[in-house]
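The block underneath contains the structure these notes are about, expressed in structure tokens.
The values are calculated or read from the model by the stated rules, or taken from the named source; none is laboratory data. For clarity, every value in this text was computed on a predicted model and none was experimentally measured. As a convention, Cβ positions derive from the backbone with ideal geometry for all residues, glycine included, and neighbour counts pool all protein chains shown. Areas reflect the complete protein model, heavy atoms only, side chains present, ligands, DNA and RNA absent. Shrake-Rupley method; radii C 1.70, N 1.55, O 1.52, S 1.80 Å.
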Amino acid sequence: MTKNGTSPDSQLMEKIVSLSKRRGFVFQSSEIYGGLNGAWDYGPMGTELLKNIKEAWWKEMTYRSDIEGIDAAILMHPRVWEASGHVENFTDPMVDCRECKARFRADQIEDSMCGNSGYKGRKASKCMAEGKFTEARKFNLMFKTFIGPVEESTNAVFLRPETAQGIFVNFLNVQSASRQKIPFGIAQIGKAFRNEINTKNFLFRTREFEQMEMQFFVKPGTDEKWFEYWREQRMQWFIGLGMQKEKLNWHRHETDKLAHYAKDAYDIEYEFPFGWGEIEGIHNRTDYDLSRHEQFSGKSLKYFDEATKEKYTPYIIETSAGASRSFMAFLVNAYSEEEAPTADGKTEIRTVLKFHPKLAPMKAAVFPLVNRDGMPEIARRIEQDLRPHIRVFYDDSGAVGRRYRRQDEIGTPFCVTIDSQTLADKTVTVRYRDSMAQERIADDRLLSYLMDKINGK
Ligand code: ATP
């Protein structure tokens, strides 16, 4: 703890939230009205980072021959959520404090603080021990809305709390349209909504978020093999995009805590400044989903294997990642403060976001060393050459050292400087964000050079 009572980790979180706002990664939703709890807006840099994460995932999944993509509607037939078990089971236990009226998830009291501002630093568990809380009651996390002008229960629909159901109900549509054979998968990225009792920890638990889900349909009996295969693939995906191995962890759901549909379940956890938290779940869902939708819709969702003439209900291996939570994990993972030399031989602390070049929102910055001697004209031409291919930022204001720092803070991996040597031999300086090393490259090779680096060649 520091003098003002905040831990180094909560300070780190504050720094990341503040940088996110200052440099246009994430803003509070409806900020000028005081904000809306559990909702965030992605700014120019954040939108680009989120898009790059989703694109990396989408390519990883759907550029394979055995996975197809879909984009299902957020609103679905209400029976979907009865079949899926969400109407009955998608609840959290909720308690209220009779004194301060704060509301808590009964299973998260240990991590919560008392809601009364008069009792600063008091733990909610103390209030519970003093008998201030109501009995726990079930609270369904699905957001309800109404189709048409009349707010009647017969017109009620839900905003989807997960993207998975849109995949399950389209299983046979996709299979026949794309002529896939089992085993094969269906991938989807999209918004999901959960009326979480307590939102907290920035983007970690929000009421509106994005998921990246891939459901892999397999023959029963081969499910355990595929489950292991997808566990390995998913962990490697995060590592391949620069996540530090020691910050990643497997959490296996204990048998007595498995969801009603699951045969086996693991979470990939990331060590956030506030502790370990799930970023993706890999579940063996058995034939639960397709059987339930068969039962509730009265339509067969069985697969017919032409080769063996067998008919069966496939098992499903689910990989379910949060795009927004992964965004936060990639952001935390990239954040670093380190000593760096200044132009006058001193040292300063630089803040740098060490994103994998594929994820970096801005790929390169172009600087003329000085605003004369034809350097700006060459720099502008180089900027124009790069612009159709990658996101570039042109900056001609202030000392080059300052310009580097500004790019470090948003994680731009390459800074290209046009200097007097460029005028003589048509080479430019490329400066690397992480090592701060510089290299001279012929300006006509620059684009292919940067593209190779971004693509990890
Ligand atoms: P938690 O236990 O943290 O509530 P969960 O087990 O309910 O998560 P899943 O239903 O498995 O989560 O959802 C899959 C993924 O969706 C999670 O790994 C997470 O990345 C993301 N996710 C779920 N709920 C939220 C939320 N409220 N805010 C942001 N992301 C979420």
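How far apart, in nm, are the 7 Å Cα→Cβ label points at GLU377 and ASP9?
Label-label distance for GLU377 and ASP9, simple model: 5.8 nm.
Classify the chain as rounded, prolate or oblate, taking a ≥ b ≥ c as the square roots of the eigenvalues of its Cα gyration tensor: rounded when a/c is under 1.5, otherwise prolate if a/b is larger than b/c and oblate if not.
In terms of gyration-tensor shape, oblate.
Leaving out ligands and nucleic acids, and using a 1.4 Å probe, what accessible area per residue does the chain come to in Å²?
Per residue, the chain has 49 Å² of solvent-accessible surface.
Assuming a ≥ b ≥ c are the square roots of the Cα gyration tensor eigenvalues, decide whether segment 1-155 counts as rounded (a/c under 1.5), prolate (otherwise, with a/b larger than b/c) or oblate.
Oblate shape, in that a/c is at least 1.5 and b/c is the bigger or equal ratio.
Would you please state which residues of segment 166-183 a label at SER297 would reach in this model, taking the label point 7 Å out along Cα→Cβ and a backbone N cut-off of under 16 Å?
166-178
Compute the distribution of all C-alpha to C-alpha distances in segment 66-128, in bins of 10 Å from 0, and list the percent of pairs in each, rounded to whole numbers.
Bins of 10 Å from zero give 18, 29, 18, 20, 12, 2 percent of pairs.
Give me the one-decimal nm value for the distance between modelled label points at ARG79 and GLU55, 7 Å along each residue's Cα-to-Cβ direction.
Going by the 7 Å Cα→Cβ label model, 4.1 nm.
By how many nm would the segment from SER336 to TYR119 lengthen if fully extended, with 0.36 nm per residue of separation less the alpha-carbon distance?
This chain segment gains 74.7 nm when fully extended.
For segment 328-386, with all protein chains present and a 1.4 Å probe, just round the carbon and sulfur fraction of the accessible area to a whole percent.
C and S atoms contribute 50 percent here.
Can you compute the helix-only [θ] at 222 nm over the chain? Use -39500 (n - 2.57) per DSSP H run of at least 4 residues, normalise by all residues, nearest 500 deg cm²/dmol.
-9000 deg cm²/dmol
Apply the a/c threshold of 1.5 to the C-alpha gyration tensor of segment 288-344 and tell me whether it is rounded, prolate or oblate.
prolate
In segment 48-146, which trypsin sites (Lys or Arg not before Pro) fall in coil by DSSP and have 10 or fewer other Cβ atoms within 10 Å?
Here the sparse-neighbourhood loop sites are LYS101, LYS120.
Starting from 0.36 nm per residue, how many nanometres of slack lie between ARG22 and THR47 once their C-alpha separation is accounted for?
Roughly 7.6 nm would be gained on extension.
With 5 Å bins from zero, work out the P(r) of segment 144-261 over every alpha carbon pair and list the percent per bin.
With 5 Å bins starting at 0, P(r) equals 2, 8, 11, 15, 21, 18, 12, 8, 4, 2, 0.
If r is the Cβ-Cβ distance from TYR312 to GLU232 and R0 is 25 Å, what FRET efficiency results, to the nearest 0.05?
Approximately 0.45, to the nearest 0.05.
State the antiparallel share, in %, of DSSP beta bridges confined to the chain, rounding to the nearest 5.
Percentage antiparallel, nearest 5: 85.
Could you give the distance between the Cα centres of segment 34-111 and segment 261-294, to the whole Å?
If we compute the Cα centre of each part, the gap is 13 Å.
Could you work out how far the C-alpha centroid of segment 349-378 sits from that of segment 388-457, in angstrom?
5 Å
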